[in-house]
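Single-structure report; data block below.
Nothing in this text is a laboratory measurement; each read-out follows from the coordinates by a stated rule. A quick note: this is a predicted structure, and the numbers were derived from the prediction, not measured. Positions of Cβ are backbone-derived with ideal geometry, glycine not excepted, and every protein chain shown enters the neighbour counts.
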Amino acid sequence: MIYIHVAAGGLGIFFGFLAMFLAKGTRRHKLAGNGYVLAMFIMTGSALIVALMRSQFINMIAALLTFYLVATAWMTMHRRPENPQRLEVFAAVLALLVGFAAIAGGVYAANSPGGMASGFEGIPAPIYFMFGTVALLSAWGDYRLIRRRSITRTRKLVRHLWRMGYSLWVATSSFFLGQARHLPDWFKDAGLHFIPVLLALVLLVFWAIRVRFPPWTRKSRPIPAAPAPAKPENAAWHSASSTCSRSASVLRARTPSGRCGPRGSSRCGCVRAGTSIRRRVLP
């Protein structure tokens with residue numbers, strides 16, 4: 001089980017950094033992301049089994065939190081928010097339970113004989129509080145999403161990126177810092193094991209800011225104005241009217257003799273008025 005855990009963790013870190021550097025939305029990014037999700041599911045599942053066998057409370061918290069973050073980040077891009085199901089509710093409840101358990105562990109660690117420094121099971125109390133805070137904030141975000149049943153594109157991308165990025169940072173920290181005793185001495189003496197951890201944190205902050213505040217990170221490109229459609233005649237009228245009807249900014253015109261449309265008594269067409277498309281009676 002340990003070998004499966006280490007192998008899956010290494011593959012997860014590789015695919016995670018690959019997805020971070022690839023252009024977002026491309027086929028390569030999606031393939032790397034799917035590889036990361038699969039590897040992290042295997043890694044967190046094996047980590048939870050080992051933690052239960054060895055009674056390691058902090059590893060249980062880290063495994064459950066990482067699994068939750070990866071799962072909800074994937075669900076953000078593949079499930080519709082306007083129709084939440086039991087899976088979304090279960091994820092929110094899981095985050096809530098993990099958050100309360102981590103906070104309780106932090107309180108116990110702070111009141112242990114070792115105090116805040118050594119904490120519980122050799123883990124300082126701030127680590128428990130950090131995991132608990134992230135879990136509770138994530139549960140609150142899930143509650144808001146389930147209640148509102150809608151999310152903007154920017155918030156959707158930020159939610160996906162920070163959850164994937166934070167889970168990558170947790171996996172990288174556990175691999176290079178938590179298991180530093182298994183790394184070569186020359187690697188540790190040179191301080192190279194800190195580089196992947198800092199890189200994961202920098203990428204997390206960079207992408208969150210880039211997506212959340214695009215005007216400050218990249219220049220906006222002007223949208224070229226579409227040419228005005230030609231006056232519809234005879235059979236061309238039906239395709240033009242259907243194009244107009246799909247626009248959200250259409251104003252349906254009316255005439256004294258009836259409704260303006262394919263079945264009305266007057267012929268209509270699409271004309272551009274400023275930035276919107278309007279329908280009017282043709283002469």
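What net charge is computed for the residues neighbouring S138, neighbours being all others with C-beta under 13 Å from the C-beta of S138, Lys and Arg scored +1, Asp and Glu -1? Counting the neighbours of S138, the net charge comes to +1.
Here the Karplus relation 6.51 cos²θ - 1.76 cosθ + 1.60, evaluated at θ = phi - 60°, turns the backbone of the stretch 178-183 into coupling constants of x, 10, 5, 5, 8, 7 Hz, with x for every Gly and Pro. Contact order, relative form, for the stretch 2-217: 19 percent (alpha carbon pairs under 8 Å, 6 or more residues apart, mean separation divided by residue count). Evaluated at q = 0.08, 0.11, 0.12, 0.16 Å⁻¹, the base-10 log of the normalised Debye intensity for the stretch 2-217, with identical point scatterers placed on the Cα atoms, takes the values -0.29, -0.55, -0.66, -1.17.
So what's the net charge close to N34: Lys and Arg +1, Asp and Glu -1, counting the other residues with Cβ under 12 Å from its Cβ? Don't jump to the answer; show the numbers that get you there.
On the way: positive: R27, R28, K30; negative: none.
Charge balance near N34 sits at +3.
Quick one: putting +1 on the C-beta of Lys and Arg, -1 on the C-beta of Asp and Glu, what dipole do you get for the stretch 8-160 around its Cα centre, in Debye to the nearest 20?
Details: 16 positive and 4 negative charges, 199 e Å.
Using only the charged Cβ atoms, the result is roughly 960 debye.
Would you work out the relative contact order for the stretch 1-70, in percent, from Cα pairs under 8 angstrom that are 6 or more residues apart? Display every interim value, and only then the final one.
Numbers: 69 pairs, mean separation 23.8, N = 70.
Value for the stretch 1-70: 34 percent.
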